[in-house]
Amino acid sequence: MLAQVGIGINSPKGALDLSSSTMGVVFPVVALVNANTETVVNPNGTNIVPGTTVYNTTVLDDGADSLYPGIFTWKLHPPATYKWTSLRERKDNALFLQNADVRTGSDDATNPVAGKQTIPFDNNSFTPIYTGRYALHLVVHYGGGNLDASAMSSSQFVNFAKEEGEFEFIFNGNTYTVDISSYSAYNDDSLFDGGSLRTSTNIFNQIGYDYVEVLTAGTTYTFSLTFNQADAQGFEGDGDIVAGDDGTGYVTINNSLKCYLEINYVYE
């Protein structure tokens with residue numbers, strides 16, 4: 001026989017439909033042994049089934065398997081592990097900020113400024129509370145350096161050139177690359193009708209990328225971020241510091257603008 005049970009309602013909309021504006025539902029109150037032990041029993045004599053729900057009173061500090069007072073349900077954690085899982089929303093996040101300026105040179109080893117420079121952060125390690133998928137949101141920025149007036153056909157015209165490079169982000173043994181570029185400008189009207197010299201550098205370009213990593217609770221993960229600027233013809237020193245010329249680029253802190261990494265727990 002198929003039937004629905006309604007308590008406080010005449011037309012139940014499911015196998016069991018409870019309705020009350022003054023009372024709640026009281027789950028069985030159980031002191032769970034730990035997250036991996038069933039503790040309660042199935043009256044049919046077999047293992048308890050996924051979805052079995054209790055109100056736990058045990059306090060147990062055990063990392064991702066910690067217990068605390070609240071509602072827990074018996075749940076499958078792929079591929080084949082069952083454990084008590086809190087119905088409370090799990091939150092675990094961290095924010096890492098660039099904490100020093102970097103002037104970037106080309107990857108030409110003969111020039112004074114070497115490529116693949118480290119972008120420093122206030123901290124570069126993360127220890128997750130949970131085992132599961134974490135979303136990584138990386139934001140980087142870059143601005144071009146000084147143009148080389150001697151390389152221009154006429155400095156009176158408005159001259160633009162592009163300086164570019166590659167960020168390399170390493171996390172959990174995985175390497176991610178981000179290509180980025182920025183334009184600089186030069187215009188010298190100082191000899192004409194009271195004009196002036198106008199230059200534009202560090203016109204930063206900001207890019208954000210998202211990645212997903214599967215992390216293990218209690219394991220410390222370190223990360224690094226470097227930038228390798230390409231040789232830049234049309235810029236002073238071809239993008240480096242040479243004989244007083246400075247065409248190096250910028251990965252610098254501009255007020256609140258910084259490179260940063262945000263890590264957030266997503267799900268198991």
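Values quoted throughout were computed directly from the atomic coordinates according to the rules given, and no laboratory measurement underlies them. The shown structure was predicted, so the numbers you read here are calculated from the model rather than taken from an experiment. As a convention, Cβ positions derive from the backbone with ideal geometry for all residues, glycine included, and neighbour counts pool all protein chains shown.
Between segment 244-258 and segment 132-211, the C-alpha centres lie 9 angstrom from each other.
In nanometres, what is the gap between the two model label sites at residue 99 and residue 197, each 7 Å from Cα along Cα-to-Cβ? Placing both labels 7 Å along Cα→Cβ, they lie 3.8 nm apart. Close amide H pairs (under 5 Å, H built 1.01 Å from N) link residue 131 with 217, residues at least 5 positions away or on another chain.
Taking other Cβ within 10 Å of each residue's Cβ, how do 22, 81, 39 sort, fewest first? The partial results should precede the final answer.
Numbers: 22 5, 81 9, 39 16.
By the 10 Å Cβ count, ascending: 22, 81, 39.
The fraction of Cα-Cα pairs per 5 angstrom bin, counted from 0 for segment 173-222, comes to 5, 12, 14, 11, 11, 9, 8, 7, 6, 5, 5, 4, 2, 1 percent, rounded to whole percents.
Less than 5 angstrom separates the built amide H of residue 241 from those of 113, 247, all sequence-distant by 5 or more or on a different chain. Note that segment 13-30 has calculated 3J(HN,Hα) couplings of 9, x, 4, 9, 10, 9, 9, 6, 9, 10, 10, x, 9, 9, 6, x, 8, 9 Hz, one per residue in order, obtained from phi through the Karplus relation 6.51 cos²θ - 1.76 cosθ + 1.60 (θ = phi - 60°); glycine and proline are x.
Relative contact order for segment 5-86 using alpha-carbon pairs under 8 Å, separation at least 6, rounded to a whole percent? All intermediate terms of the calculation are to be shown ahead of the outcome.
Values: 133 pairs, mean separation 18.5, N = 82.
Relative contact order for segment 5-86 comes out at 23 percent.
Counting only the backbone N, which residues of segment 30-56 are under 15 Å from the spot 7 Å out from the Cα of residue 65 toward its beta-carbon? From segment 30-56, the list is 32-39.
Of the options (1) 107, 51, 34; (2) 56, 41, 40; (3) 96, 41, 30, only one is Cα extents along the principal axes in Å as computed from these coordinates, and that is (3). Rg/Rh for segment 152-268 stands at 1.13; both radii use Cα atoms, and Rh follows the Kirkwood definition.
Residues whose amide H lies under 5 Å from that of residue 171, counting only those 5 or more places away or on a different chain, are 176; hydrogens are built 1.01 Å from N in the peptide plane.
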